[in-house]
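Colleague: Supplied in structure tokens, the structure appears directly below.
What follows draws every value from the coordinates through simple rules; no lab data is involved. Because the structure is predicted, anything quoted here is derived from the model rather than measured. A quick note on method: Cβ atoms are made from the backbone with ideal geometry, for glycine too, and the neighbour counts reach across all protein chains shown.
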Amino acid sequence: MKWRLGEIDEVSCSRCGQLNDHNDLDRILWCKECVDSVLSWAKARSWVVGVCIGMVLCFWIWIVVKPSNMLIGGWAGTVLAAIYVSARVTREVLYGAIRMKTSPESQVVSSDEESY
Ligand SMILES: [Zn+2]
């Protein structure tokens, strides 16, 4: 992949393989479209995980805590905060995991193997 740098200022994205200006690629050579697509993929799944955790928490509050009507608003806030936080954490973890899989180190290893 590096030989391209000397000839033209375009580098292929390490995920989709499309040629992009070197400045448009990020640290691990991903184009903006790939970053956006993975971010939205991770975001969609993180909300599912967040809502699941929120439902479990609701269930736990309902069965174990048995809040009075006066406190139910506070517990609703707690559940919403838990959904938000767990969705955010899940998004970061998913995004990080996908980026790890396509890190430049693994790219170098695979291209070296091909050239032998
Ligand atoms: Zn790409």
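Colleague: Tyr84 to Asp26: extension gain in nm, 0.36 nm per residue of separation minus the Cα-Cα distance? Provide the component values of the computation, followed by the final result.
Modeller: Values: separation 58, 0.36 × 58 = 20.88 nm, distance 2.75 nm.
Difference between extended and current length: 18.1 nm.
Colleague: Rounded to two decimals, what is Rg over Rh for segment 2-78 when you use alpha-carbon atoms and the Kirkwood radius? Walk me through the intermediate numbers first.
Modeller: Numbers: Rg = 23.0 Å, Rh = 16.2 Å.
We get a ratio of 1.42 for segment 2-78.
Colleague: Using the count of nearby Cβ atoms within 10 Å as a rough guide to exposure, how do Lys32, Lys43, Lys66 rank from fewest to most?
Modeller: On the way: Lys32 12, Lys43 15, Lys66 8.
Fewest to most other Cβ atoms nearby, the residues stand as Lys66, Lys32, Lys43.
Colleague: So how long is each side of segment 36-109 along the principal axes, counting just the alpha-carbon atoms, biggest first, in Å?
Modeller: 60, 21, 13
Colleague: Another question, then. Collect residues whose amide H, placed 1.01 Å from N in the peptide plane, falls under 5 Å from the amide H of Ser12; neighbours closer than 5 in sequence don't count.
Modeller: Here Asn20 satisfy the definition.
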